[in-house]
Amino acid sequence: MKALARFGDKRVQRDNIINPEMARTLCQLSLEINRQIGLLIHRSGKVETIIVGTFSQIVIPQLGHVRSAGGRLKGLRLVHTHLAGEDISDEDLMDLLFIRLDLLSVLKITPDGLPERLYTAHLLPMEREGRSWTFLEPVHPANQLDSAEDLILEVERGFASRRKVQRVDRKQDRAILVSVSTESKNRAEEALAELAELSRSDNVIVLDAVLQRRRKINQRLILGKGKLADIMIRALQLDANLLIFNEELNPSQISSITDFTDLRVIDRTQLILDIFAHRAMSREGKLQVEMAQLKYMLPRLSSRDDALSRLTGGIGARGPGETKLEVDRRRINDRVARLARELKNVSRERYRRRAKRRKKDLPVLSLVGYTNAGKSTLLNTLTNSAIVAEDKLFATLDPTSRRLRFPTEMEVIITDTVGFIRNLPEELLKAFMATLEELREADLLIHVVDISSSCYRDQMSVVEQFLKDLDLENIPCLTLYNKVDLITEELAGKIEKEGGLLVSSLQPDTLKPFLIQAERLIGKVIGGGQGLRKKPNSF
């Protein structure tokens with residue numbers, strides 16, 4: 001062990017992958033203990049880590065203490081011995097790919113304990129013959145002619161030249177989207193396209209998207225280890241700093257994936273929560289989003305870091321005390337309880353406002369629909385308002401109400417609500433229940449559908465299921481097919497034959513048939529009393 005410790009005091013010459021005398025000593029020690037020995041060597045020549053494995057393999061420890069720059073190489077090279085004369089193995093190449101090593105070298109040992117030759121592989125900025133790595137010509141450690149430092153810098157420059165020429169705003173995340181699906185190809189592609197739209201709504205630069213269809217999801221890494229290695233190389237080539245998975249990841253999956261990469265890893269739920277955090281403007285919206293974020297975070301607190309085992313002490317807290325992890329959990333639970341009380345108060349205030357509205361006997365129309373269906377734009381056009389309306393998912397979070405006067409002078413209240421989306425995080429839905437209570441007061445629901453979407457029928461099903469889950473399916477509902485200006489005449493004709501109302505929120509003239517039908521339905525509700533809501537929806 002003392003002989004191994006001496007490696008930590010030595011430095012490798014910058015022109016060498018490993019010094020000849022170090023290679024000879026490494027081989028002799030490895031043969032003597034009959035185990036593979038590995039050295040992780042920094043670009044400065046300093047030996048960062050000494051690894052002692054078994055006869056057939058070594059296991060590289062976590063390298064969190066070694067800094068790496070985003071998508072660049074790790075700044076370390078690995079040199080380790082092979083006792084049975086085997087070539088660079090698939091496991092060696094996985095280490096090269098996942099850790100983004102500068103170089104990976106294997107020293108084969110002769111029967112008398114001397115280095116046979118040095119076998120080296122490094123990553124490629126561009127795939128060559130379907131591979132992301134290449135092998136150098138084997139060389140004896142004493143005959144190294146090429147400069148290892150120059151080779152590493154050349155590989156780095158190759159990766160740098162592959163990145164986008166335009167300057168990337170470092171404040172923006174640069175992501176690769178990943179989707180692993182057991183569904184049909186069309187549905188999987190639609191889900192990935194929606195993830196890209198969510199990313200755009202959160203101002204994330206999408207560099208690439210990877211779709212893998214599998215019969216069964218890998219419970220540990222979501223996708224295969226080889227595919228994950230390909231993604232890591234792609235991230236290196238594109239200078240990505242974030243992986244966004246379309247599937248919700250549990251804590252162990254996030255931990256397993258991040259063990260292989262320095263990139264940040266988030267899932268679709270975290271992305272949606274982040275969008276809501278940016279977009280919420282009202283006090284109520286901010287409270288709702290914070291509660292959802294804390295509930296999502298709570299089961300994902302990890303005790304992996306030894307620093308979390310610090311104990312609190314002092315008078316009244318003698319004995320074992322609380323771990324840092326337990327303190328964090330208690331604080332989150334306390335904060336969630338406080339937010340719940342505040343949201344309850346907000347819900348009471350909202351109920352009082354609805355009570356005042358009921359006293360004025362004004363009917364209520366509520367706009368519902370999939371996110372980015374055009375609800376806010378429709379409200380703006382109908383009421384000459386200037387509510388923020390963007391071509392982005394979840395542009396509207398806070399409910400907005402305006403007065404609308406029909407051509408016959410009848411007045412109603414029309415309310416815009418947050419859009420729905422497939423697989424909406426459960427905690428987020430619970431947090432926004434106070435807002436969705438507005439829908440219970442509606443005399444008529446206006447289901448706005450983005451007819452220009454290729455999967456509009458699936459989106460309609462998602463909204464209808466939400467209304468059913470919220471016990472709103474008995475409120476009369478009028479379906480409005482929006483964005484008619486973006487579809488073909490053939491599709492428009494088909495919808496009209498089915499009796500659908502086609503409109504464009506940007507073209508007021510197309511809204512006249514909708515106003516006539518909405519006024520007629522409101523008249524039925526007023527004439528029939530509130531009992532009409534208890535009848536099945538026949539509109």
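A few comments on the model shown:
- Taking a ≥ b ≥ c as the square roots of the eigenvalues of the Cα gyration tensor, an a/c ratio below 1.5 marks the range 361-534 as rounded.
- Three-way shape call for the range 192-247 based on the alpha-carbon gyration tensor, with the a/c threshold at 1.5: oblate
- Contour minus Cα-Cα distance for ARG215 and LEU506 (0.36 nm per residue): 100.4 nm
- Measuring r between the beta carbons of LEU486 and ASP208 and using R0 = 22 Å, the FRET efficiency lands at 0.20.
- Sparse-neighbour loop sites [trypsin sites (Lys or Arg not before Pro); the range 35-130; at most 13 other C-beta within 10 Å; DSSP]: ARG67
- Surrounding net charge for GLY113, when Lys and Arg each add one and Asp and Glu each subtract one, Cβ distance under 9 Å: -1
- Extending 7 Å from Cα along the Cβ direction at GLU326 and again at ARG157 yields two label points whose distance is 5.8 nm.
- When each of LYS46/LYS108; LYS430/LYS494; LYS286/LYS512; LYS225/LYS295; LYS74/LYS108 is checked by Cα-Cα distance, pairs over 32 Å: LYS430/LYS494; LYS286/LYS512
- ARG520/GLU496 FRET efficiency (R0 22 Å; Cβ-Cβ; nearest 0.05): 0.75
- Length added when fully stretched, ARG128-THR110, from 0.36 nm per residue minus Cα-Cα: 3.2 nm
- Antiparallel content of DSSP bridges confined to the range 174-274, in %, to 5: 5
- In range of the label at ARG187: residues from the range 235-268 whose backbone nitrogen is under 17 Å from the point 7 Å along Cα→Cβ: 246-248
- The distance between label points at ALA84 and LEU362 comes to 8.1 nm (points 7 Å beyond Cα on the Cα→Cβ vector).
- FRET efficiency, 1/(1 + (r/R0)^6) with R0 41 Å, evaluated for GLU149 and ASN333 via beta carbons: 0.15
- Between ASN384 and SER461, the simple spin-label model (points 7 angstrom out along Cα→Cβ) gives 4.3 nm.
Every number here is computed from the coordinates shown, using simple stated rules; none is lab data. Keep in mind the model is a prediction, meaning the values are calculated, not measured. Please note: Cβ atoms are built from the backbone with ideal geometry, for glycine as well, and neighbour counts cover all protein chains shown.
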